[in-house]
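The values are calculated or read from the model by the stated rules, or taken from the named source; none is laboratory data. Because the structure is a prediction, the values reported are computed rather than measured. Cβ atoms come from the backbone with ideal geometry, glycine included; neighbour counts cover every protein chain shown.
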Ligand code: ADP
């Protein structure tokens, strides 16, 4: 099976707090992987480590031919910095709080990466940006600034911005948790349509219905480790660990 993401032995501490304790993880091409777990279990840190927004203390990240070793013995030279940039382009991130550029329109946000990172000619970037805004149902918001968009619309612009990098995988860090409940559906619908198109996705979320219907596999993190994982039908109906059962009683 071809893996888009391979994480081996990733550990991360903040000061004396060990947040990831040797995580191993593979994500197959086209797979939708949902990561669940209690607050503070290391989910966000894990996805930030996958695209090296957070530098692991130890371990190895491999995304589609781009391999990065982490830790005190990893060489920090220009070649590594370049490899990190390439890896980030392959693993786009969608954040809880959208992280749009407030001084740019919806289109401006979507085409910034293609223009400045991919070096795409402006006309091509605009055509791509318009197509992607259409894809997330926001063609009419092309010239609108983020301050005039709803949270759900902002997150859909952020998804279009991630797609504009033509990534191998999109990492979603609690994409609906900053939104009012009535805005969750539009974002989840967009994510579901990406999944149907075969996008490889890693999604940190507490959205059980989404995980049940869209995920190929659900991972449960507890205290910096993957405690258990499985296909959603098995994960939600027959969790192996009491920790998982008590967590699911809270979110279902
Ligand atoms: P989760 O996403 O499962 O809620 P996080 O990965 O966000 O967990 O956080 C795990 C732990 O690491 C928490 O205790 C959090 O406070 C701590 N943490 C996360 N980021 C930082 C940071 N940049 N500096 C210090 N502590 C952090």
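To keep it simple, each residue is scored yes or no on (1) away from the ligand (no atom under 16 Å from the Cβ); (2) over 18 Å from residue 91 (Cα atoms); (3) modelled with pLDDT of 95 or more; (4) in contact with a helix residue (DSSP H, G or I) (Cβ under 9 Å, 6 or more places away or on another chain).
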site: 158; (1), (2), (3), (4): yes, no, yes, yes
site: 171; (1), (2), (3), (4): no, no, yes, yes
site: 196; (1), (2), (3), (4): yes, yes, yes, yes
site: 199; (1), (2), (3), (4): yes, no, yes, yes
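Name the single residue that is surrounded by the fewest Cβ atoms within 10 Å (Cβ to Cβ) among those in region 228-247 being more than 17 Å from residue 31 (Cα to Cα), free of Cβ contacts under 8 Å to residues at least 24 places away in the same chain and in contact with a helix residue (DSSP H, G or I) (Cβ under 8 Å, 6 or more places away or on another chain).
The extreme case among them is 228.
Residue check, residue 84 against (1) surrounded by fewer than 20 Cβ atoms within 10 Å (Cβ to Cβ); (2) at positive phi, all met but one. Which one?
Failed condition: (2).
Has region 32-55 got any residue that is in contact with a helix residue (DSSP H, G or I) (Cβ under 8 Å, 6 or more places away or on another chain) and farther than 18 Å from residue 173 by Cβ?
no
Output the residue which, of all residues in region 173-192 that are more than 12 Å from the ligand (Cβ to nearest atom) and in contact (Cβ under 8 Å) with a residue 40 or more places away in the chain, is nearest to residue 30 (Cα to Cα).
At the first step, the residues of region 173-192 found to be more than 12 Å from the ligand (Cβ to nearest atom) are 175-176, 178-192.
Now drop any that are not in contact (Cβ under 8 Å) with a residue 40 or more places away in the chain, which leaves 175, 178, 186, 190.
Values: 175: 19, 178: 27, 186: 22, 190: 16 Å.
Out of the qualifying residues, it is 190.
Applying the selection to region 133-150, what residues are surrounded by fewer than 18 Cβ atoms within 10 Å (Cβ to Cβ) and in a helix (DSSP H, G or I)? Don't jump to the end; show me each part of the working.
Taking region 133-150 as the starting set, the residues that turn out to be surrounded by fewer than 18 Cβ atoms within 10 Å (Cβ to Cβ) are 134-135, 137, 139-140, 142-145, 147-148, 150.
134, 135, 139, 140, 147, 148 - these are the residues of region 133-150 that are surrounded by fewer than 18 Cβ atoms within 10 Å (Cβ to Cβ) and in a helix (DSSP H, G or I).
I need the full set of residues from region 102-132 which are surrounded by 15 or more Cβ atoms within 10 Å (Cβ to Cβ), free of Cβ contacts under 8 Å to residues at least 40 places away in the same chain and either in a loop (DSSP other than H, G, I, E, B) or within 19 Å of the chain's Cα centre (by Cα) (or both), in order please.
120, 132 - these are the residues of region 102-132 that are surrounded by 15 or more Cβ atoms within 10 Å (Cβ to Cβ), free of Cβ contacts under 8 Å to residues at least 40 places away in the same chain and either in a loop (DSSP other than H, G, I, E, B) or within 19 Å of the chain's Cα centre (by Cα) (or both).
Of all residues being within 22 Å of residue 94 (Cβ to Cβ) and either assigned to a loop (DSSP other than H, G, I, E, B) or touching a helix residue (DSSP H, G or I) at 6+ places or on another chain (Cβ under 9 Å) (or both) in region 6-19, which is farthest from the ligand (Cβ to nearest atom)? Just the residue, please.
7
Filter region 60-75 for residues that are part of a strand (DSSP E or B) and under 11 Å from residue 5 (Cβ atoms); which is farthest from the ligand (Cβ to nearest atom)?
Taking the candidates together, the pick is 66.
Could you tell me whether region 20-43 includes any residue that is touching a residue at least 60 places away in the same chain (Cβ under 8 Å), part of a helix (DSSP H, G or I), within 30 Å of residue 248 (Cα to Cα) and within 12 Å of the ligand (Cβ to nearest atom)? If you could, list the steps in order and put the result at the bottom.
The first filter runs over region 20-43 and keeps only residues touching a residue at least 60 places away in the same chain (Cβ under 8 Å), leaving 20-25, 27-38, 41-43.
Next cut, part of a helix (DSSP H, G or I) only: 43.
Pick out the ones that are also within 30 Å of residue 248 (Cα to Cα) and you get 43.
Remaining after also requiring within 12 Å of the ligand (Cβ to nearest atom): 43.
Scanning region 20-43, I find at least one residue that is touching a residue at least 60 places away in the same chain (Cβ under 8 Å), part of a helix (DSSP H, G or I), within 30 Å of residue 248 (Cα to Cα) and within 12 Å of the ligand (Cβ to nearest atom), so the answer is yes.
Are any residues in region 49-59 in contact (Cβ under 8 Å) with a residue 60 or more places away in the chain and either surrounded by fewer than 21 Cβ atoms within 10 Å (Cβ to Cβ) or away from the ligand (no atom under 13 Å from the Cβ) (or both), and if so, which ones?
Going residue by residue through region 49-59, those that are in contact (Cβ under 8 Å) with a residue 60 or more places away in the chain are 50-51.
Across region 49-59, the qualifying residue is only 51.
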